[in-house]
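Take a look at the structure set out below.
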Amino acid sequence: LDAMVLNLRGYHEKNRYMVRHWPAIQAGRPPTNALLLRAERCFFDALLVDPDDCSALNGLANVLIFERDFDTAEFFCRRAIALARRDGQRYPEAEHDLALIRRAR
């Protein structure tokens with residue numbers, strides 16, 4: 001139960017999903033798929049280890065974008081950005097994802 005390992009697995013599953021379903025994603029019709037569900041589970045597991053894990057929060061936001069749950073995706077994305085700022089850092093990837101969420105609505 002190492003948060004970094006869980007995050008890496010989650011991002012790996014999410015990226016495999018993106019490669020496999022890129023045409024459907026680009027057409028605005030991302031399918032539900034076991035890869036996406038496994039990625040979501042990995043990010044939730046990482047958050048059970050460390051609830052303030054910015055990478056897991058943003059990874060979960062990415063999954064929720066594909067599930068078209070933009071309100072919840074925005075919540076997790078904003079939380080990742082806020083935690084990074086609390087630690088004196090920026091999280092440009094999460095900021096980019098937040099912009100995507102806003103455009104998708």
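Points to keep in mind about this one:
- Extreme residue, most open to solvent (accessible area, probe 1.4 Å), among residues of the range 95-105 that are more than 19 Å from LEU36 (Cβ to Cβ) and part of a helix (DSSP H, G or I): ARG103
- Helices (runs of 4 or more DSSP H) fully within the range 26-86 that include at least 1 residues being touching a helix residue (DSSP H, G or I) at 6+ places or on another chain (Cβ under 8 Å), open to solvent by 50 Å² or more (accessible area, probe 1.4 Å) and under 20 Å from ALA99 (Cβ atoms): 70-86.
- Residue count for the range 5-17, restricted to those that are without any contact (Cβ under 8 Å) to a residue 40 or more places away in the chain and closer than 20 Å to PRO51 by Cα: 3.
- Checking ARG105, ARG86, ARG79 one by one, the residue that is of a type outside the set (A, V, I, L, M, F, W, C) and at pLDDT below 95 is ARG105 and no other.
The values are calculated or read from the model by the stated rules, or taken from the named source; none is laboratory data. As the structure is a computational prediction, the values presented were derived from the model and not from experiment. Cβ atoms come from the backbone with ideal geometry, glycine included; neighbour counts cover every protein chain shown. Quick note on the areas: whole protein, heavy atoms, side chains included, nothing else; ligands and nucleic acids left out. Shrake-Rupley method; radii C 1.70, N 1.55, O 1.52, S 1.80 Å.
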